[in-house]
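Colleague: There's a structure below that I have some questions on.
The values are calculated or read from the model by the stated rules, or taken from the named source; none is laboratory data. This structure is a prediction, so every number in the text was calculated from the model and none was measured. Please note: Cβ atoms are built from the backbone with ideal geometry, for glycine as well, and neighbour counts cover all protein chains shown. When the accessible area is computed, the model is the full protein with side chains, heavy atoms only, and any ligands, DNA or RNA have been set aside. Shrake-Rupley method; radii C 1.70, N 1.55, O 1.52, S 1.80 Å.
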Amino acid sequence: MSIVGTKINLEVLRETEIGLFLDTENRTHGGILLPKRYVPKGLEVGDFIDVFIYRDSEDRIIATRLEPYAKVGQFAYLTVKKIEEYGAFLDWGLPKDLFVPVSQQQSLMVENGLYLVYVYIDEKTDRITATSKIHKYLKNEAENLEIGEEVEILICDKTELGVRVIINNKFWGLIFHNELFHNLHEGQKTTGFVKNIRDVDKKIDITLKKIGMEEVKDAKIIIVDALKDADGFL
């Protein structure tokens, strides 16, 4: 299994003029390079360090202590730095920009544009790639979520009802206008709470304030009553 696109704790194997080489499960080509500019003072052979693994501009697997704005399996709003015939390159916080092939663009991207993308591994090339065709990676219906549960949310676009959000990098959700207690901006990541899971379509309503136990009980009672009305029994 490839470790490209992951944050991992690795042991320092050896020190060289260009940086440190870190251990991997199979010690591929003598280890993975952590370039000298990312080596913290005092780190020695035998020590362990947390690093993010990706491919550099020459397609070599390399380590960095920098944190990308989004990791594999996550969504983020990212800015286009450069456009080429075969795709766009996004700023994601690492020296090598994140590539979005033309075939993975919902609409053709433009330089300096801000786009919501999903980060994934291209199975053919083992490279970290992004797509703005995000809908196939998100579900509208709740799975394994409970009312009152704390979740991570990414603020997306405004609708007539409120603000759409992405929940835990898995689900679409909605914050209704009357739940917007402070200003939010597109691309902001914050914490929310599941306020309601609609009985009919399993869509998820989010609130920004923590739900008390009484509110959770009331919400569950409403759902149970709705089931009784629909079926006549539980």
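Colleague: Give the residue, chosen from F48, F75, F99, that is modelled with pLDDT of 95 or more, open to solvent by 50 Å² or more (accessible area, probe 1.4 Å) and closer than 26 Å to I166 by Cβ.
Modeller: F99
Colleague: Is it the case that V80 is part of a strand (DSSP E or B) and modelled with pLDDT of 95 or more?
Modeller: When the stated conditions are applied, V80 passes them.
Colleague: Using the structure shown, decide if V163 is under 17 Å from the mean Cα position of the chain (by Cα), more than 17 Å from Y69 (Cα to Cα) and open to solvent by less than 60 Å² (accessible area, probe 1.4 Å).
Modeller: no
Colleague: With a cut-off of at least 1 residues that are among the aromatic types (F, W, Y), name the strands (runs of 3 or more DSSP E) lying wholly within the range 114-208.
Modeller: 114-122, 171-176, 189-197
Colleague: Sticking with this one: Before we move on, is K189 under 14 Å from the mean Cα position of the chain (by Cα) and not aromatic (F, W, Y)?
Modeller: On the way: under 14 Å from the mean Cα position of the chain (by Cα): yes; not aromatic (F, W, Y): yes.
When the stated conditions are applied, K189 passes them.
Colleague: With the requirement that a residue be crowded, with 18+ Cβ neighbours inside 10 Å and farther than 18 Å from N169 by Cα, what does the range 196-210 give you?
Modeller: Result: N196, single match.
Colleague: While we're here: Got a number for residues in the range 126-154 being more than 27 Å from Y54 (Cα to Cα) and open to solvent by less than 40 Å² (accessible area, probe 1.4 Å)?
Modeller: Applying the first criterion (more than 27 Å from Y54 (Cα to Cα)) to the range 126-154 yields 139-151.
Subset that is open to solvent by less than 40 Å² (accessible area, probe 1.4 Å): 142, 145, 147-148, 151.
Count: 5.
Colleague: Okay, moving on. From the set of residues in the range 83-96 that are out of contact with any Asp or Glu (no Cβ under 9 Å at 6 or more places or on another chain) and part of a strand (DSSP E or B), which is surrounded by the most Cβ atoms within 10 Å (Cβ to Cβ)?
Modeller: So, considering only residues that are out of contact with any Asp or Glu (no Cβ under 9 Å at 6 or more places or on another chain) and part of a strand (DSSP E or B), the one surrounded by the most Cβ atoms within 10 Å (Cβ to Cβ) is G87.
Colleague: Let me spell it out: the conditions are (1) acidic (D, E); (2) in contact with a strand residue (DSSP E or B) (Cβ under 6 Å, 6 or more places away or on another chain); (3) in a loop (DSSP other than H, G, I, E, B), and D50 meets all of them except one. Which number is the exception?
Modeller: For D50, the exception is condition (3).
Colleague: I'm told E11 meets every condition in (1) within 30 Å of Y137 (Cα to Cα); (2) in a strand (DSSP E or B) except one. Can you identify the failing condition by its number?
Modeller: The number of the failed condition is (1).
Colleague: Of the residues N140, N169, N183, which is among the polar types (S, T, N, Q) and free of Cβ contacts under 8 Å to residues at least 24 places away in the same chain? Give the derivation first.
Modeller: Details: N140 fails: free of Cβ contacts under 8 Å to residues at least 24 places away in the same chain; N169 fails: free of Cβ contacts under 8 Å to residues at least 24 places away in the same chain.
Result: N183 is the single residue among N140, N169, N183 that is among the polar types (S, T, N, Q) and free of Cβ contacts under 8 Å to residues at least 24 places away in the same chain.
Colleague: Just name the residue that is least open to solvent (accessible area, probe 1.4 Å) out of those in the range 55-72 that are among the hydroxyl-bearing types (S, T, Y) and in contact with a Leu (Cβ under 7 Å, 6 or more places away or on another chain).
Modeller: So the residue we want is T64.
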